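Written out below as C-alpha cells is the structure these notes cover.
The values are calculated or read from the model by the stated rules, or taken from the named source; none is laboratory data. The structure presented is a predicted model; accordingly, all values stated were derived computationally and were not measured. For neighbour counting, all protein chains shown are included, and Cβ atoms are generated from backbone atoms with ideal geometry for every residue, glycine included.
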Amino acid sequence: MPVVVIANPKGGVGKTTLATNVAGYFASQGHAVMLGDADRQQSSRLWLGLRPPAARPIATWDVNADLIVKPPKGTTHVVLDTPGGLHGWRFNDVIKLADKVIVPLQPSIFDIFATRAFLDQLAEHRSAGKVQVGIVGMRVDSRTIAADKLRGFVEGLGLPVLGYLRDTQNYIHLAARGLTLFDVAPGRVDKDLEQWAGICRWLDQ
C-alpha cells in the first residue's frame, strides 16, 4: 500500500492543496484512497466534509475504541497531509511510514531558506534508499525573477522537480466544493492538468 506524504515545515505553502489533489488523482484511477490529516488545523478533514456524495470516494482515518487510528479496511493508497513545523521525532515517524514525500515549495526567499534544512534531511533519507522525494513549485509565475531563483535553488539539491503549479483560482473554487482537478471535465482545467502530468507519472512509478 503506497503512502504519499505531503510535507514542508513551513505553513501556508500549499500542502493541503497538494494532498487533496493527489488523493483526487488516485481516486480518479479507481483506487481506494485514504486522506489522513495530521495537522491541527484539520483542513483536509474539512475538505472531505465538503466532498459531494456523487464524487469518487476518499476515506479518512478509522478510529477504534482505543483511539488508535488506521486506514479503513480495503484501502490501497494513503495520502498524508502534515503540519507545519514538522521536525524531530514527528518527522522521523512520518518518514518511516512514507514511500514517497512531496515537498511543496513557493518561489519566495523566505520559503526557500525555511525549507533548506528539511530538504537536506530528506535528501539523506533518499540517498539511503528509504524514500522517494520530489519537489513541486507552488504558485509559480514562470516569467518572474522569483521563479528563476526557485529553479536555481532546486537544481542544486539533487532532488527531482515534479512540476510547477500556477497561481489560479481553480484550486480555491474546487476546494470550496470538496473537489479536485480530477473531479471535473478536463476541458475546464486543461492548463492545470498539463502541469500535473509529471507529478502523476511520478506517483504512478
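For the reader, a short list of remarks on this structure follows.
- Gly49 over 16 Å from the mean Cα position of the chain (by Cα) and modelled with pLDDT of 80 or more: yes
- Any chance Thr115 is out of contact with any helix residue (DSSP H, G or I) (no Cβ under 6 Å at 6 or more places or on another chain), more than 21 Å from Trp196 (Cα to Cα) and of a type in the set (S, T, N, Q): yes
- Hey, Gly178 under 14 Å from Asn21 (Cα atoms) and assigned to a loop (DSSP other than H, G, I, E, B) or not: yes
- Failed criterion for Ala19 (all others in (1) at pLDDT below 85; (2) within 14 Å of the chain's Cα centre (by Cα) hold): (1)
- Looking only at the range 64-91, and only at residues there that are modelled with pLDDT under 75 and not in a loop (DSSP other than H, G, I, E, B), the one that is nearest to Leu162 (Cα to Cα): Phe91
- Candidate set from the range 31-45 (those that are in contact (Cβ under 8 Å) with a residue 24 or more places away in the chain and either assigned to a loop (DSSP other than H, G, I, E, B) or acidic (Asp, Glu) (or both)); member that is surrounded by the most Cβ atoms within 10 Å (Cβ to Cβ): Asp37
- Wholly enclosed strands (runs of 3 or more DSSP E) of the range 99-174 bearing at least 2 residues touching a strand residue (DSSP E or B) at 6+ places or on another chain (Cβ under 7 Å) and either in contact (Cβ under 8 Å) with a residue 60 or more places away in the chain or basic (Lys, Arg) (or both): 100-105, 132-137
- Among the residues of the range 122-163, those identified as surrounded by fewer than 18 Cβ atoms within 10 Å (Cβ to Cβ), touching a Pro at 6+ places or on another chain (Cβ under 9 Å) and among the basic types (Lys, Arg) are Lys149, Arg151.
- Filter result for Leu119 (surrounded by 20 or more Cβ atoms within 10 Å (Cβ to Cβ), modelled with pLDDT of 95 or more and not charged (D, E, K, R)): no
- Residues in the range 182-196 that are touching a Lys or Arg at 6+ places or on another chain (Cβ under 9 Å) and surrounded by 14 or more Cβ atoms within 10 Å (Cβ to Cβ): Phe182, Asp183, Asp192, Gln195.
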